[in-house]
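Please read the structure below before turning to the comments.
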Amino acid sequence: MLKSLQRLDVSENLLSKLPKPLEDLQDLVTLDVHGNHLTEVPPSLGLLKNLTEFDCTGNPFADPISTFYSQVTYFLGLFVV
């Protein structure tokens, strides 16, 4: 049922990690995780080939862009807000 989800907004929820089942959401286009307590982006996010918008602002990454690029295995065409 959730596998066809295209937009997920879990912003401002005090999350410290993203759940592993997130990688099962293969139709996901937009992921908004801004304003949480995330310190890293799981490498499995790179498996979401339809993901085109990812908002990770407002999380305590040491360096959000380099953290994102170093951990995501597939990011071609991904727009990071």
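The values are calculated or read from the model by the stated rules, or taken from the named source; none is laboratory data. Owing to the predicted nature of the structure, the values given are computational and were not obtained by experimental measurement. Cβ: placed from backbone, ideal geometry, glycine included. Neighbour counts: every protein chain shown. Side chains included, ligands, DNA and RNA excluded: accessible areas come from the protein's heavy atoms. Shrake-Rupley method; radii C 1.70, N 1.55, O 1.52, S 1.80 Å.
Key figures
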{"item": "When residues of region 5-14 are limited to those that are of a type outside the set (A, V, I, L, M) and not in a strand (DSSP E or B), the one least open to solvent (accessible area, probe 1.4 Å)", "result": "11"}
{"item": "Search result, residues across region 7-31 that are within 16 Å of residue 51 (Cα to Cα) and either hydrophobic (A, V, I, L, M, F, W, C) or in contact (Cβ under 8 Å) with a residue 40 or more places away in the chain (or both)", "result": "8, 10, 18, 22, 25, 28, 29, 31"}
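Listed here are the residues, each with its yes/no results for (1) modelled with pLDDT of 85 or more; (2) touching an Asp or Glu at 6+ places or on another chain (Cβ under 8 Å); (3) open to solvent by 80 Å² or more (accessible area, probe 1.4 Å); (4) not in a loop (DSSP other than H, G, I, E, B).
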position	(1), (2), (3), (4)
3	no, yes, yes, yes
16	yes, no, no, no
34	yes, yes, no, no
51	yes, no, no, no
60	yes, no, no, no
66	no, no, no, yes
70	no, no, yes, yes
77	no, no, no, no
